[in-house]
1. What single numbered condition from (1) at pLDDT 65 or above; (2) surrounded by 10 or more Cβ atoms within 10 Å (Cβ to Cβ) fails to hold for N26?
2. Provide a single number: the residues in the stretch 68-103 that are among the β-branched types (V, I, T) and more than 15 Å from G48 (Cβ to Cβ).
3. Among the residues of the stretch 72-103, count how many are more than 9 Å from the ligand (Cβ to nearest atom) and in contact with a Gly (Cβ under 9 Å, 6 or more places away or on another chain).
4. Residue by residue through the stretch 51-69, note down the ones that are in contact with a Lys or Arg (Cβ under 9 Å, 6 or more places away or on another chain) and within 17 Å of L34 (Cα to Cα).
5. Taking the options I55, I33, name whichever one is modelled with pLDDT of 95 or more, of a type in the set (A, V, I, L, M, F, W, C) and out of contact with any strand residue (DSSP E or B) (no Cβ under 8 Å at 6 or more places or on another chain).
6. Scan the stretch 44-61 and report the pairs whose first residue is outside any loop (DSSP other than H, G, I, E, B) and whose second residue is within 11 Å of the ligand (Cβ to nearest atom), with Cβ atoms within less than 6 Å and a gap of 6+ or a chain change.
Amino acid sequence: MRINRVGLPLLLLLTSSLFMTTPSANGIERVKILAGNCSTCHGPQGQGYEVIPRIGGLDKDDILKLLKDFKSGEETSTIMDRHAKGYTQQEMEQLADYFSKME
Ligand code: HEC
C-alpha cells in the first residue's frame with residue numbers, strides 16, 4: 001500500500017514528463033513525428049501510390065508553396081486543405097525540407 005501511494009504519483013509524473021518532452025524534442029526528431037501523419041498516405045519515403053501524389057524528392061520551395069496554398073484554400077484539394085491547416089509556417093517549412101531530401 002505504501003509503495004502504491006508513492007509509486008503511482010511518481011509513475012504519473014514520470015509518464016507525463018515523457019509526453020511533455022516529446023513535442024519539444026530536437027528539430028530532426030520533431031519533424032519525424034509531424035511527418036508521420038503525412039506518411040500514412042504519402043508513404044514513408046513520400047513515394048505516393050495510386051491517387052496519392054509523390055512528394056518525396058520534390059523541390060522544397062514547391063512543397064512549401066503547395067502546403068501554404070492548401071492551407072489558404074488557393075489550391076483546391078480533396079483532403080490536403082484539412083491537413084495543411086494543422087501546421088504552422090515553421091512546421092510546414094520543416095516538413096517541406098524533410099520530404100525534399102527523400103529519394
Ligand atoms: C489522408 C491522406 C493524406 C495525408 C494524411 C496527407 N496527404 Fe498530402 N495529399 C493527399 C492527396 C489525396 C493529395 C492530392 C490533393 C488532394 O486531393 O487533396 C495530396 C497532395 C499533397 C501535395 C501536393 C503534391 C503535388 O505534387 O501536387 C503535397 C505537397 C502534400 N500532399 C504534402 C503532404 C504533407 C506534408 C502531409 C502531412 C502534413 C500530407 N500531405 C498528408 C493525401 C494526403
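The values are calculated or read from the model by the stated rules, or taken from the named source; none is laboratory data. None of these values were measured; they are calculated from a predicted model. For neighbour counting, all protein chains shown are included, and Cβ atoms are generated from backbone atoms with ideal geometry for every residue, glycine included.
1. (2)
2. Start the filter on the stretch 68-103 by keeping residues that are among the β-branched types (V, I, T), which leaves 76, 78-79, 88.
Within this subset, residues satisfying the condition of being more than 15 Å from G48 (Cβ to Cβ) are 76, 88.
Summing the residues that are among the β-branched types (V, I, T) and more than 15 Å from G48 (Cβ to Cβ) in the stretch 68-103 gives 2.
3. The initial filter retains those residues of the stretch 72-103 that are more than 9 Å from the ligand (Cβ to nearest atom), namely 72-74, 85, 88-90, 93-94, 97, 100-103.
After this cut, where a residue has to be in contact with a Gly (Cβ under 9 Å, 6 or more places away or on another chain) as well, the list is 94, 100-103.
So the answer is 5.
4. Listed by number, the residues that qualify are G56, K60.
5. Values: I33 fails: modelled with pLDDT of 95 or more.
It is I55.
6. I52/C41; I52/H42; K60/A96; K60/D97; K60/S100
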